[in-house]
Amino acid sequence: MGENTSGRVVHHKRESCLSLEEFVERAPDLTAGERIAVREILESIAEGGREVSRRLALGPLHGLTGSAGQVNVQGEEVQAFDEIAQEVFSGLLGASGRVSVLVSEEREKPDVFPCPSESFLMAMDPLDGSSNLAVSGPVGSIFALYRPGEGDDDPSRAILRATRDVVCAAYVLYSVSTLMVVAFREEVRMYALDPASGRFMPLPGPVRFPDGGGQIVSINTGNYTRWERGIQSYVDTLHSRSSWSARYVGALVMDFHRNLLKGGIYIYPGDLPRGSGGGHPEGKLRLLFEAIPMAFIARAAGGLATNGQKPILDLPATHIHQRVALVVGSRELVQEFSRIAGAPEPV
Ligand code: AFP
């Protein structure tokens, strides 16, 4: 249900909309206890998303658009809202009693929470793309939920071992509207925040990359001279065509989301140091906090994700803050990228 521009309420077809509860109910491979735990975790994410959305809207009025004057574990400037979002989500997820280990892009070490019963391990990027806040641009929060393995008491090791067993991934996009996108193994659903009721309302779904794969390419071509030849060849090939569109917001959640709905590909390859610039030889994005969750969502929506060598979801995780090259989008465009860039075809 929603309101159209004339103020009239729009009723989406009931059968194509699933509430969060209904979606969790039909997720595959969950025990009854896990189902309750996943639902409660998603409710905590929804509550956090609502709170972060509310505070972001007030940011400019409170002078909160810039740096908190610290550097995070990635060596990047911490924006005031990175820290606010971290506190909001870790407070709610910790209190849920359903997340035993939480790793965050904003924290060097895992947080460990007491959990009485079924619980999951979680990785999150509480506020991705936060440099966009200075211009009131879109940002997002990203989450992945893992089933704990057997007998590993060390929380860092436990999450590194569990990364190939993603149960659910989600992101919240804070833009013109606030959306929550949730994926289980084979299905993606989308919810829109109704600011009046504070509830995330289901939108028609499931969400899939459009047929044909689309024509949008999101890549920061300012790094062209730092790329290896295969990536340059890919971009050169695009420039010889008439039918493609470049779109790049510089916030992964927004770029990915647009490409999911419209059909496209997001690429952040490794780039070599140049001049005084440090570069990101292994890629800029983080395996646990950005690449794995987006790869899982892409696959559930019919798309693919690779680091240029292997599927993202097959990569071993060796370090919580590990960086990785990321190519993610519709199946057709990721396969085409691999052919032109001379990378193995992802499956
Ligand atoms: P910030 O959170 O520091 O703004 O970084 C955002 C991000 O990790 C990802 O969301 C963007 O797609 C990517 O970096 C943009 O990086 P460039 O500004 O180097 O293109």
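Pairs of Cα atoms nearer than 8 Å and 6+ residues apart set the relative contact order; for the chain it is 14 percent.
Ranking GLU21, GLU43, GLU105 by Cβ neighbours within 10 Å, fewest first, what do you get? Can you show the working numbers first?
Values: GLU21 12, GLU43 17, GLU105 24.
Arranged by neighbour count, lowest to highest, GLU21, GLU43, GLU105 become GLU21, GLU43, GLU105.
Couplings 3J(HN,Hα) of the range 41-56, computed from phi: 5, 5, 5, 5, 5, 4, 5, x, x, 5, 5, 5, 4, 4, 6, 4 Hz, in residue order, whole Hz [Karplus 6.51 cos²θ - 1.76 cosθ + 1.60, θ = phi - 60°; x for Gly and Pro].
With R₀ fixed at 25 Å, the C-beta to C-beta distance from GLU108 to ARG35 puts the FRET efficiency at about 0.15. Residues in the range 250-263 carry Karplus couplings, in order, of x, 10, 3, 4, 5, 5, 5, 4, 4, 5, 5, 7, 9, x Hz; the curve used is 6.51 cos²θ - 1.76 cosθ + 1.60 with θ = phi - 60°, and Gly or Pro positions show x. Number of Lys-Lys pairs in the chain with C-alpha atoms under 29 Å apart and a separation of 8 or more places or on different chains: 6.
Figure the gain on full extension for SER117 and THR237 (residue separation times 0.36 nm, minus the Cα-Cα span) and round it to one decimal in nm. List each step's numbers first, then the result.
Values: separation 120, 0.36 × 120 = 43.20 nm, distance 5.36 nm.
Fully extending the segment from SER117 to THR237 adds 37.8 nm.
Ordering THR237, THR318 from the fewest to the most neighbouring beta carbons within 10 Å gives THR318, THR237.
Placing a pseudo-label 7 Å from each Cα along the Cα-to-Cβ vector at GLU186 and GLU228 gives an inter-label distance of 3.5 nm.
Between the C-alpha center of the range 31-48 and that of the range 291-347 there is a gap of 27 Å.
Of the residues ALA246, TYR224, ALA295, the one whose Cα sits farthest toward the positive end of the charge dipole of the range 216-341, with +1 on the Cβ of Lys and Arg and -1 on the Cβ of Asp and Glu, is ALA246.
With Cα atoms defining each centre, the range 122-148 and the range 169-214 are spaced 15 Å apart in the structure.
GNM on the chain, alpha-carbon springs under 10 angstrom: the most fluctuating residue among ILE297, ILE36, ILE219 is ILE36.
Placing unit charges on each Cβ (+1 for Lys and Arg, -1 for Asp and Glu) gives the chain a dipole about its Cα centre, and among ALA341, THR306, VAL88 the Cα reaching farthest toward its positive end belongs to ALA341. At an R0 of 25 angstrom, the distance between the Cβ atoms of TRP244 and HIS319 translates into a FRET efficiency of 0.10. Dividing the summed -39500 (n - 2.57) terms of all DSSP H runs of n ≥ 4 by the residue count of the chain sets its mean residue ellipticity at 222 nm at -9000 deg cm²/dmol.
Backbone amide hydrogens, once placed in the peptide plane, bring VAL188 within less than 5 Å of VAL207, excluding anything fewer than 5 places away on its chain. Only Cα pairs under 8 Å and 6+ residues apart enter the sum, and on that basis the relative contact order of the range 20-202 stands at 16 percent. Per-peptide packing, taken as the mean over residues of other Cβ atoms within 10 Å, places 45-53, 322-330, 245-253, 221-229 in the sequence 322-330, 45-53, 245-253, 221-229 from highest down.
What size of dipole, in debye to the nearest 20, comes out for the chain about its Cα centre when the only charges are +1 on Lys and Arg C-beta atoms and -1 on Asp and Glu C-beta atoms?
Working: 34 positive and 42 negative charges, 195 e Å.
Approximately 940 debye in magnitude.
Values quoted throughout were computed directly from the atomic coordinates according to the rules given, and no laboratory measurement underlies them. This one's a predicted model, so the numbers in the text were calculated from it and none came from an experiment. Because the Cβ atoms are built from the backbone with ideal geometry, glycine has one as well, and the counts that use them run over all protein chains shown.
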